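*Asks:* Provided herewith is a single structure, encoded as structure tokens, for subsequent inquiry.
The values are calculated or read from the model by the stated rules, or taken from the named source; none is laboratory data. Quantities reported herein were computed from a predicted structural model and do not represent experimental measurements. Glycine also receives a Cβ, built like all others from the backbone with ideal geometry; neighbour counts cover every protein chain displayed.
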Amino acid sequence: MNFGMIFKTLGIVLLVEAACMLPSAAVSLIYNQADFSAFLMTILVLLVSGLALYSIRTKNSNIYSRDGFAIVSIGWILVSFFGALPFYISGSIPAFIDAFFETVSGFTTTGSTILREIESLPRGILFWRSFTHWMGGMGVLVLTLAVLPKAKANTLHIMKAESPGPNPEKLVPRIGQSAKILYSVYIVLTAIQIVMLIIAGMPVYDSFIHTFGTAGTGGFSNMNKSVGAYGNVYAEVIITVFMFLFGVNFTLYYQSLKGNFKSIWKDEEFRFYAGTVLLSIALITWDLFGKVFGSVWEGLRHASFQVSSIITTTGYSTIDFNLWPVFSKTILVILMFIGASAGSTGGGIKCIRFVVLFKTIKREIMKVIHPRSVYTVKIGGKNLDEGAMSAVLTYFFTYIAIFVGALLIVALDGMDMVTTFTSVATTIGNVGPGFEMVGPMGSFADFSVLSKLVFSLCMLFGRLEIFPMLILFTPSFWKKVNI
């Protein structure tokens, strides 16, 4: 492993985080609130730490596969640690473990919170809380690659380790250019949503906050009742549509910009994603009509918002869906596990893995019926090799194994079964709210310190696709080998 380049790159990441904290500090100045000093102190700490790491000399500037995984996993822990300092120093969140939980939830775009009351917090703190969603949506390291003047091709290992979903590919030969393209699409969609929310009547500050949460599919709001506090149908529709859009694989947007519009509907993952959304909305609307709402329109309005929010793992709410019928809540729990598309800002297991799983099951059934025939699994018209299918099945097993392990630890707190189950499901899936005590009107405040640490790890495991975090606990990963 090239430890010199690992430390140097981590130094750059901390410097980028310092720069990203400046808008929040500016908001504190604009509103003349006391949290400015907390941002100033944190920025200074980041600058000193980042410059110290960046100044480390290295003879070899190459970044290898294991280096990429180490940079991503350690980098996310570091940015979460330093990102928690404004919450802690300002006194907004007095306990550091709670501040760390909130920051991990922000960067991993989970949206789970330990805060019982939000609206009284300083404006700068709330801005930073939501801006962590925007930073983490496309990836902190991808952001770093986008702003680096000379990102080398071998930094693809960093992008592979951080990007959500299996096998990310470069859009253009230069990895830095690929990162810039992705962030250009991200910024344009973000800007459009901010403008549309302002036109819809949402205050400017609130429009930024909710757009950051939508773009990063995170879900932090500056209102205790989330989006439902506004009672603004137009804003709800805008956020519903953009949550869906940010759950789409960003490479499809790039293909569309090149004029290849057919690639969107030809994409099997997109069809599965869109079909799941439409079917879920139809079923929940049917279930809510007459039981919760007196009109189909009201049922459709809230069903479409919550389905889009949960499958994209955003976590916003317009209503306390904790009070919905069991059938509707069961669908939402299933959506927590499915998640959005690979290459999007959403979390969850990802739609493409379910497409591969279902096709693999079909192949095994056909092999039983016709044992002498040869069946292949195809994605996008291309044969999927056995290694790729094995990787998907391994991911499923590892995901469930970590889920079960975390569930057993959290169960020690003695909460009810629904709270315990959905609290783990929503954190490892980067969703945000669960049910009962951790529902849209609840929080994670009453859990023990051990459980909050487990939740923080679950959020990191979920956002980084498990293995970049898992290898940190593998002793052989740190041993020196010939490259």
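*Asks:* Name the single residue, out of those in segment 264-289 being among the β-branched types (V, I, T) and out of contact with any Leu (no Cβ under 6 Å at 6 or more places or on another chain), that is surrounded by the fewest Cβ atoms within 10 Å (Cβ to Cβ). If you could, list the steps in order and put the result at the bottom.
*Replies:* Filtering segment 264-289 for residues among the β-branched types (V, I, T) gives 264, 276-277, 281, 284-285.
From the residues that got through so far, the ones that are out of contact with any Leu (no Cβ under 6 Å at 6 or more places or on another chain) too are 276-277, 281, 284.
Numbers: T276: 18, V277: 20, I281: 20, I284: 27.
The residue in question is T276.
*Asks:* I need the full set of residues from segment 217-253 which are of a type in the set (G, A, S) and over 20 Å from the mean Cα position of the chain (by Cα), in order please.
*Replies:* Within segment 217-253, G228, A229, G231, A235 qualify.
*Asks:* Is it true that some residue in segment 418-439 is among the small types (G, A, S) and under 30 Å from S184 (Cβ atoms)?
*Replies:* Yes, the conditions are met somewhere in segment 418-439.
*Asks:* Oh, and also: Within segment 4-46, restricting attention to residues that are crowded, with 19+ Cβ neighbours inside 10 Å and hydroxyl-bearing (S, T, Y), which residue is farthest from I77 (Cα to Cα)?
*Replies:* Within segment 4-46, the match that is farthest from I77 (Cα to Cα) is S28.
*Asks:* Against the condition more than 16 Å from G106 (Cα to Cα), without any contact (Cβ under 8 Å) to a residue 40 or more places away in the chain and of a type in the set (A, V, I, L, M), how does L22 come out, does it pass?
*Replies:* yes
*Asks:* A further question follows. Taking into account only those residues within segment 346-396 that are part of a helix (DSSP H, G or I) and among the hydroxyl-bearing types (S, T, Y), which is surrounded by the most Cβ atoms within 10 Å (Cβ to Cβ)?
*Replies:* Y395
*Asks:* At pLDDT 90 or above, crowded, with 17+ Cβ neighbours inside 10 Å and more than 24 Å from the chain's Cα centre (by Cα), is that true of M415?
*Replies:* Yes.
*Asks:* Would you point out which residue out of V292, V233, V307 is free of Cβ contacts under 8 Å to residues at least 40 places away in the same chain and either in contact with a Cys (Cβ under 9 Å, 6 or more places away or on another chain) or surrounded by fewer than 24 Cβ atoms within 10 Å (Cβ to Cβ) (or both)?
*Replies:* Sole residue among the options that is free of Cβ contacts under 8 Å to residues at least 40 places away in the same chain and either in contact with a Cys (Cβ under 9 Å, 6 or more places away or on another chain) or surrounded by fewer than 24 Cβ atoms within 10 Å (Cβ to Cβ) (or both): V292.
*Asks:* While we're on this one: Of E436, E386, which residue is acidic (D, E) and touching a helix residue (DSSP H, G or I) at 6+ places or on another chain (Cβ under 6 Å)? First the steps, then the outcome.
*Replies:* Working: E386 fails: touching a helix residue (DSSP H, G or I) at 6+ places or on another chain (Cβ under 6 Å).
Every option except E436 fails the conditions.
*Asks:* When you look at G343, is it at pLDDT 90 or above, buried (at least 17 other Cβ atoms within 10 Å of the Cβ) and at positive phi, yes or no?
*Replies:* No.
*Asks:* Return yes when R174 is modelled with pLDDT under 95, basic (K, R) and surrounded by fewer than 24 Cβ atoms within 10 Å (Cβ to Cβ) and no when it is not.
*Replies:* Details: modelled with pLDDT under 95: yes; basic (K, R): yes; surrounded by fewer than 24 Cβ atoms within 10 Å (Cβ to Cβ): yes.
Yes: the conditions hold for R174.
*Asks:* Moving to a separate point now. Considering only residues of segment 256-294 that are assigned to a helix (DSSP H, G or I) and among the acidic types (D, E), which is nearest to the chain's Cα centre (by Cα)?
*Replies:* The selected residue is E269.
*Asks:* Also: Condition test on F444, is it among the hydrophobic types (A, V, I, L, M, F, W, C) and surrounded by fewer than 20 Cβ atoms within 10 Å (Cβ to Cβ)?
*Replies:* Answer is no for this residue.
*Asks:* Picking from V227, V248, V188, which residue would you name as being part of a helix (DSSP H, G or I), in contact (Cβ under 8 Å) with a residue 24 or more places away in the chain and hydrophobic (A, V, I, L, M, F, W, C)?
*Replies:* So the residue among V227, V248, V188 that is part of a helix (DSSP H, G or I), in contact (Cβ under 8 Å) with a residue 24 or more places away in the chain and hydrophobic (A, V, I, L, M, F, W, C) is V227.
*Asks:* Of all residues in segment 2-29, how many are within 30 Å of S65 (Cα to Cα), part of a helix (DSSP H, G or I) and not basic (K, R)?
*Replies:* Looking only at that region, the number is 17.
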